[in-house]
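Data first, discussion second: the structure below is written as structure tokens.
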Amino acid sequence: MIDMVGIGPFVVLPLVMKSVGGPHFLLAWALGALISIIDALVWSELGAAFPQAGGSYQFLKISYGDQKWGKLLSFLYVWQTLIQAPLVVASGAIGFAQYASYLYPLDEITRRIVSGTVVLLVIALLYRRIDSIGRISVLLWLCVLGTMGWLIVGGLMHGTESIGTLLSDAWTSAEAVSPTVLAASIGVASVKTIYCYLGYYNICHLGGEIQKPERNIPLSMFLSVIGIAVLYGLLNLSVASVLPFEQAANSPFIVSTMVEALYGSGAARFATLLVLVVAFSSLFAVLLRSPWWISFALAGGFALASKALLPPQYVVFGALGGFPFVVIGVIAAWKQFSAPSTAHVEATLAQIAAMPWRDFSAAVERAFARDGYEVQRLNTGGADFLLRKSGRTTLVACKRWKAVSHGVEPLRALGEATKARDASHSIYVTLADVGEKTRRYAVQNKVELLQGNALAQLLGVLAGSKKS
């Protein structure tokens, strides 16, 4: 769900209200959720049937034929992504600048500069490889939930209208409009609300990495859409209970206006900072792989901005908005300083290459046992070890670790052994790089290739050289 919540709902909410022109604007959010669920049904079927990396690209090739229309349609999908993806990034950057102007008034040119700077910063931070971001995603989701929760609870507890009254007004307003006008206005507004729901299908792009995809891919999408629909619905009701319709529909930073009406300008500035954190949350994942000092610099910038923009009594609370960056900086610093050096990796791989099978297999067994696996040697073809951990079974093939070339045959044998033992995962160990055909086969059949740095880190204790 972290992929679905950004600056979107905070910018789109007044636009939806203005498009509909009455309290029945809530219907546009309900229609957006319904359409998203229908779309998720399609994605669920495709993702569960073809759990491969690439999502729509793979679905089009498979559906229309790899050597027929599928090749053209998959190309067109990638081509339109080159246009669509920058527009999505631009919309987020524009929303960021829009809310930033609440903290410090910006003219049109300055807003464009801020928007462009945000995009350039995203590009700079993305120009790195990302491996593991699970714990950071949880932290981000807690930040998002905290912001949304504060806005929802504050509005519903201190608003002037009850939820029952708001829903009754929406129904009465919808009945007063002609069916044609109602359908047109809700249809136009739902285009904007659907934009806020987008992202539930991203799990299909990582289908090859998902365990039990036939269950987890559909479950992930439906939980995301339904959960976000509830959050958006409560947020809309919260805003509508605090602000008069005309004021809300014409506010460029509706959340800031709402909090200002409830708690004053100081709290509104703090709320705006939180909205900017939510808008920027998609960058947290890449910050983990960025130099650690970038995260600390952003935390310091947060503290300085709070001191410059907030009243004295709110400075401490505003500075706390940079706390997630501090946490990420600590994690990034630990990961970067503890990562093995190039010399260490090369020494380890050289020592592995010189080992006989008896020593290498014993080292592999010790390494997986050290990582908490229950290790069992196998004498059957296709796999050399069976690993168990947390109810998950993994097969490992490593006897050809010194081979110069690797075709798909040993991977196919590993796959057959994995299926025969009803294992959930398989790992193929090799020192050499594999060809494109073999790598593609591994991706399509969900075989993890353990080689290079990953293999050196698993067996890194063998080299005995220090990290630098």
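The values are calculated or read from the model by the stated rules, or taken from the named source; none is laboratory data. These numbers were taken from a predicted model, which means no experiment stands behind them. Positions of Cβ are backbone-derived with ideal geometry, glycine not excepted, and every protein chain shown enters the neighbour counts.
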> For segment 396-415, what are the residues that are more than 24 Å from Gln457 (Cα to Cα) and in a helix (DSSP H, G or I)?
Replying inline: Glu409, Arg412, Ala413, Gly415
>> Here is a check on your reading of the model: is Ser256 assigned to a helix (DSSP H, G or I), polar (S, T, N, Q), farther than 18 Å from His24 by Cβ and not assigned by TED's automatic domain parsing to the domain that holds Ser44?
In response: yes
>> Tell me the residue from Ala189, Ala183 that is more than 18 Å from the chain's Cα centre (by Cα), in a helix (DSSP H, G or I) and either of a type in the set (Lys, Arg) or surrounded by 15 or more Cβ atoms within 10 Å (Cβ to Cβ) (or both), please.
In response: Ala189
>> Looking at Thr380, Thr393, Thr418, can you tell me which residue is at pLDDT below 90 and part of a strand (DSSP E or B)?
In response: Thr393
> (1) under 16 Å from Glu209 (Cβ atoms); (2) in a helix (DSSP H, G or I): which one isn't true of Trp29, the others all being true?
Replying inline: (1)
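Yes or no, residue by residue, for (1) within 27 Å of Lys212 (Cα to Cα); (2) over 21 Å from the mean Cα position of the chain (by Cα):
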| site | (1), (2) |
| --- | --- |
| Gly54 | yes, no |
| Gln58 | yes, no |
| Lys68 | no, yes |
| Ser74 | yes, yes |
| Val78 | no, no |
| Thr81 | no, no |
| Gln84 | no, no |
| Val88 | no, no |
> In this structure, does Ala240 turn out to be in the same structural domain as Asp39 (by TED's automatic domain parsing), surrounded by 19 or more Cβ atoms within 10 Å (Cβ to Cβ), at pLDDT 80 or above and of a type outside the set (Asp, Glu)?
Replying inline: yes
> Residues in segment 442-454: is at least one at pLDDT below 85 and among the β-branched types (Val, Ile, Thr)?
Replying inline: yes
> If you go through segment 200-217 one residue at a time, how many are surrounded by fewer than 22 Cβ atoms within 10 Å (Cβ to Cβ) and either at pLDDT 90 or above or of a type in the set (Gly, Ala, Ser) (or both)?
Replying inline: 1
> Residues of segment 169-197 being among the small types (Gly, Ala, Ser) and either outside the structural domain of Ser19 (by TED's automatic domain parsing) or closer than 29 Å to Phe222 by Cβ (or both), which ones?
Replying inline: Ala170, Ala174, Ala183, Ser185, Gly187, Ala189, Ser190
